[in-house]
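Have a look at the structure below, then the notes.
The values are calculated or read from the model by the stated rules, or taken from the named source; none is laboratory data. Because the structure is a prediction, the values reported are computed rather than measured. Cβ placement follows ideal geometry from the backbone for every residue including glycine, while neighbour counts extend to all protein chains displayed. We work out accessible area using only protein heavy atoms, side chains counted, and drop any ligands, DNA or RNA first. Shrake-Rupley method; radii C 1.70, N 1.55, O 1.52, S 1.80 Å.
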Amino acid sequence: MSKLRLFQALAVVCILSLAALAHAAPIVIKFSHVVAEDTPKGQMAVKLKQCVDAKLAGKVQLEVFPSSQLFDDDKVLSAMLLGDVQLAAPALSKFEKYTTVLQIYDLPFLFKDMKAVDTFQQGPEGQAMLKSMEDKGLIGLGYIHNGLKQMGANKPLRVPADAKGQKFRIMTSDVLAAQFDAVNAIPLKKPFSEVFTLLQTKAIDGQENTWSNMYTQKMHEVQDYITETNHGLLDYMLVTSAEFWNGLPADVRTELEACIKEAIAYGNKVSDEKDIDDKKKIADSGRTQIITITPEERQQWVEAMKPVWAKFAPSIGQKNIDAAVAANK
Ligand code: SIN
């Protein structure tokens, strides 16, 4: 082949490669979650999509699947490891199969408010927990707030004795099971998508969740009382698979990190607002009665549930618990 011919052939290959690159299909990122769009996590996901559409147009296509449309939380992490979904943000209670350090977030009455939660999550122990599942192929990209949990039931719950024998739906967490065992109640691990029907059909007597989740799932319409206990946390970890994340082009990863930061900040602002607004909407609906307990009644719950801390300290690490307690100061 003459030099000219060789040069022409190379030029054609280059042009074809460039054209192929120019038309390369965008990277598809599926983000699956279980809550409604009008929730802190739902709004965080919407914001993330807006940012990705604006900053990574043509390079990344983010598809959000709310309300368990794609996966329930019991399936989403195994699906992620198979490459069927790239982003998810299960509640921190739902990672027990992959790590036990996150059990800390389910310890009853651990954090006094969301500021303390934030202090712990942004501190060294909380940040290290984002990396706690890397050996299982999962990377934590950040925490998303929802808020503190309240307890709902068809009877007024004022003191721990009121919960005796009552069936409570819980997330898939042994800590939450121990929490309800501690007050002689019956914990049942069930998917979020089933809670409304379980309450409606009286297959369960009660449940625990945030104001936002109760309101958006209409749980207040199918249970007579909600006790304002603020006894536990419902937050999320945004996770991805290490294989997917490490395989992204560096510039795409950097842009995505910036979008995630922006979206989480927005979602956390929404969570603060919804905690107040959705409680008010539930109260205004007149469909359920909100019970405010006295500090003495609350103290009874604290004492009844406190043994759960010692039970899980070995799997969580006492150093982590101490750091969380210190975050309340
Ligand atoms: C969620 O907020 O993602 C669901 C929490 C639950 O399962 O109760």
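Here are the numbers for the structure shown:
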read-out	value
Reciprocal mean inverse distance between Cα atoms of the stretch 99-324 - Kirkwood radius, Å	18.6
Table column - 3J(HN,Hα) (Hz), the stretch 291-298, Karplus curve with 6.51, -1.76, 1.60, x for Gly and Pro	9, 9, 8, 7, x, 5, 5, 4
Proximal lysines to Lys164, defined as alpha-carbon separation beneath 24 angstrom and excluding residues fewer than eight positions away on the same chain	Lys149, Lys155, Lys189, Lys190, Lys202, Lys306, Lys311
Per-residue ³J(HN,Hα) for the stretch 240-256, Karplus 6.51 cos²θ - 1.76 cosθ + 1.60, θ = phi - 60°, Hz, x for Gly and Pro	9, 8, 4, 4, 5, 5, 6, x, 6, x, 4, 5, 5, 4, 5, 5, 4
In sequence order, calculated HN-Hα J values of the stretch 203-209 (Karplus, 6.51, -1.76, 1.60; Hz; x Gly/Pro)	6, 10, 9, x, 6, 10, 6
Sequence-distant residues sharing a close amide H with Thr229 (under 5 Å, placed H)	Met151
Relative contact order (%) - the chain, alpha-carbon pairs under 8 angstrom, separation at least six	25
Built amide H within the under 5 Å cut-off of Val35, gap 5+	Ser67, Ser68
Considering only the chain, percent of DSSP beta bridges that pair antiparallel, nearest 5	50
Positive-pole candidate from Thr119, Thr100, Met129, dipole of the stretch 99-324, charges at beta carbon	Thr100
Heavy-atom accessible surface of the chain: percent carbon and sulfur, 1.4 Å	56
Cβ crowding within 10 Å averaged over residues, with 304-317, 44-57, 249-262 ranked highest first	44-57, 304-317, 249-262
Amide proton proximity set for Val60, modelled H, under 5 Å, gap of 5+	Ile27
Candidate lysines for bridging to Lys47, where Cα separation is under 18 Å - those fewer than 8 sequence places away on the same chain excluded	Lys30, Lys55, Lys59, Lys261, Lys269, Lys274
Nearest-20 debye value, the chain charge dipole, Cβ charges on Lys, Arg, Asp, Glu	460
